[in-house]
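Please read the structure below before turning to the comments.
FYI, it's all coordinate maths here, none of it is from the lab. Just so we're clear, the structure is a prediction, and the values are computed from it rather than from any experiment. Cβ: placed from backbone, ideal geometry, glycine included. Neighbour counts: every protein chain shown.
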């Protein structure tokens with residue numbers, strides 16, 4: 001479509017983006033439109049406030065964390081490339097791809113998805129989910145009537161189950177292991193982004 | 001154990017009573033003047049002009065269908081024989097107790113039938129295992145067959161029928177009204193393209209192919225000679241048998257939990273194809289009357305034009321009534337008690353008015369419901385809202401029950417149909433094959449434009465879920481057998497087709513879907529880690545979907561929102577509600593920058609009173625998670641097709657000794673499910689989803705305030721400049737994102 005091409009040409013480095021993320025041109029265009037509609041002030045960058053304007057995120061228990069995950073490196077703005085790269089995490093993984101080990105891990109592989117999820121918990125980015133961080137997440141995901149003691153006991157049991165090296169925190173490896181039997185591709189993929 | 005016997009006993013009783021009354025009654029309408037009994041107003045059957053939908057379908061009224069309601073086929077009259085008995089006994093004395101059967105006859109019979117239907121429902125649900133395997137519609141049809149058999153035996157003739165008049169004027173509007181009013185509007189319009197495609201193109205494809213192929217089968221001798229039908233008749237039959245039926249779809253899809261997109265597409269298709277069916281039926285009826293030789297090309301164009309008029313006209317009528325209804329409810333503050341009445345009346349009038357002008361009544365009612373819902377829900381009181389919801393659901397449930405029972409009963413009347421194996425088997429094969437083909441082809445085309453493609457399993461469900469039901473039956477019964485000599489064969493075929501689709505397909509759709517599902521490692525208890533993390537993933541996915549804006553039609557929706565806010569809401573919403581809604585919009589659009597001005601103005605944003613706006617439910621389109629979902633989740637019988645959703649049907653029930661799991665299951669916030677049954681009539685949701693959303697919203701806002709306050713101090717000087725500028729502008733400057 002003519003308009004697709006013209007939109008594509010507006011985006012810098014779009015070829016590289018498509019290669020890295022695996023999105024088709026049509027998807028890139030759609031995401032660009034979405035990016036533009038979120039970027040009210042037309043600065044070419046998104047800020048956390050722009051995400052805050054998305055109505056439905058306000059009723060998502062971990063909505064703010066997700067917003068935080070988009071601005072991962074402590075940056076204050078998000079450009080289109082980063083936006084797309086993060087969304088690429090949620091593409092369904094291709095099957096039976098024989099990967100060349102020298103190539104970087106594809107963005108939508110199981111490990112990458114798990115890394116993204118890990119970020120949601122590990123807010124201080126020290127590579128471990130501490131008990132306090134776990135408590136925070138649990139608090140946000142549980143109903144208000146749950147008491148502190150109940151929360152603490154759940155957090156205790158969670159850590160007990162997953163913590164293999166007994167350091168009272170969950171590292172990425174332990175996190176990954178605890179989700180061994182879960183089909184991450186199903187749980188962390190959005191069909192649309194195929 | 002004893003309970004199952006009460007139903008037949010009840011029936012036998014009512015059948016016997018009816019039979020007795022019927023046998024004693026006399027066709028004459030006049031009372032015997034000698035008897036001097038008081039004039040029984042309820043004597044002559046309250047019959048509407050025969051087949052009021054006759055005008056719609058160009059059919060000469062038939063005497064047998066002259067009576068409406070569930071009245072006897074012969075006019076229910078003063079049983080003069082009984083009267084004579086009484087007069088003999090009277091001899092001038094005072095009768096303390098009299099047998100006033102004829103006086104209460106019609107309402108009594110109606111009430112008994114409804115009672116039987118409802119008691120049957122209770123009995124079904126005693127056996128939970130049974131109900132999860134067999135859909136309710138099946139049971140009802142079987143019950144109808146049994147009842148029909150009993151009545152036939154008791155009185156040697158068929159007393160009850162599914163009268164088209166009763167069906168089209170009372171039963172169908174109830175169901176369609178309920179569906180339209182509670183239709184999730186956003187979902188409907190998001191998938192409107194798909195719905196229109198399937199409804200129009202799909203139905204036309206089915207109708208023509210079936211019609212032509214049946215004719216071909218007749219030509220080749222597969223269908224017997226005694227079925228006297230030409231091409232036109234077969235096309236007519238094809239038209240009425242190919243339409244997917246909303247009642248059946250609702251009934252069966254309620255048991256199978258499919259993702260909401262799939263549901264809305266199939267259900268929307270079943271509603272919108274009414275326009276197509278009506279037009280095809282009318283057009284072919286007139287062709288049949290005129291004779292195929294006399295059909296001119298102009299008539300074909302008229303047919304196409306007629307389709308446009310019928311569909312667009314029907315929609316317009318619905319929208320006009322929706323606007324009227326919304327406008328009326330704006331002023332009902334002092335007459336709260338009758339608010340629900342307005343809703344019912346206007347919605348019903350939308351239906352009848354469309355019927356009046358022979359436009360598509362189903363479309364009219366659907367759009368009336370969709371259009372008025374938002375404004376009416378905001379305008380009327382909480383109690384009225386509850387009343388409307390419960391009444392509609394109750395009526396719709398009863399109507400559905402009656403329809404299925406009567407389908408069963410009508411089947412037993414052998415005088416009305418004639419069996420031809422060739423016709424029946426051909427029809428069954430053709431409708432199935434053509435539906436599957438049609439779905440596959442259309443989906444292929446559709447997937448090139450859709451954001452979320454419809455995959456194989458969806459297509460299988462759509463083809464398999466194309467059920468035919470009572471609408472087809474009512475239409476075939478309306479045929480005039482002077483015009484269409486093969487009518488009896490068509491009736492039999494329709495009955496078999498309806499039974500087959502509702503019962504066989506209804507029964508097997510769940511196992512089929514189960515079989516198709518990607519097999520998972522079932523029957524193992526999830527660990528706590530898994531449970532927590534999986535739930536977090538689900539929330540995460542929901543959030544990413546929202547961020548990526550997976551609903552495609554932003555532009556038009558934004559334009560509509562603007563138009564709605566500036567004109568429609570002002571006109572149709574009550575003043576107080578409108579003002580409250582502005583405030584609510586402000587909260588919704590809160591972002592950190594706006595919060596500055598609010599805090600600066602000293603307002604406490606989080607006054608909980610403000611948050612418990614009753615209109616909150618309508619302001620955002622929160623979808624209801626019905627208790628069916630939870631109920632089935634706990635009992636492990638829900639069948640979920642959406643592979644991404646956490647399938648809580650883990651096979652193994654949550655075990656008692658593991659309190660933590662139980663605790664988690666009960667207290668973790670539920671994600672916005674992607675499979676939701678919207679029309680469960682058995683279980684009503686207490687608005688749990690709204691409560692959850694409200695809690696989360698409050699919490700999120702609070703935390704945003706906190707973070708904002710801490711950063712604010714750091715950047716106080718910068719913010720001061722900006723906030724001074726901002727304090728002047730109202731918070732509604734930012735646009736709402738979805």
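Structural remarks
- Difference of contour (0.36 nm per residue) and Cα-Cα distance, residue A:55 to residue A:167: 36.4 nm
- Listed from fewest to most Cβ neighbours within 10 Å, the set B:336, A:166, A:131 follows the order A:166, B:336, A:131.
- A crude spin-label estimate for the pair residue B:433 and residue B:560, with each label 7 Å from Cα along the Cβ direction, gives 4.0 nm.
- Average beta carbon contacts from partner chains per residue of B:692-703, 10 Å cutoff: 4
- Shielding score for A:176-189, defined as the mean number of other chain Cβ atoms within 10 Å: 5
- Extension gain for the segment residue A:19 to residue A:160, taken as residue separation times 0.36 nm less the Cα-Cα distance, is 46.6 nm to one decimal.
- Compared with the dominant Cα axis of chain A, that is its longest principal axis, helix A:148-162 is turned about 80°.
- Förster radius 51 Å - calculated FRET efficiency between residue B:481 and residue B:327, Cβ distance, rounded to 0.05: 0.65
- Rounded to 0.05, the FRET efficiency of the residue B:352 and residue B:449 pair, given R0 = 35 Å and the Cβ-Cβ distance, is 0.40.
- For segment A:132-170 versus segment B:264-326, the spacing of their alpha-carbon centroids is 61 Å.
- Between residue B:504 and residue A:181, the C-beta separation translates, for a Förster distance of 41 Å, into a calculated FRET efficiency of about 0.60.
- Simple spin-label estimate for residue B:224 and residue B:425 gives 1.4 nm between the two label positions (7 Å along the Cα-to-Cβ direction from each Cα).
- Residue separation of residue B:390 and residue B:571 scaled by 0.36 nm, minus their Cα-Cα distance, works out to 62.4 nm of gained length.
- This ranking places B:270, A:112 by how few other beta-carbon atoms lie within 10 Å of each, fewest first, which gives A:112, B:270.
- Between residue B:665 and residue B:95, the distance separating the two model label sites (each 7 Å from Cα on the Cα→Cβ line) works out to 6.2 nm.
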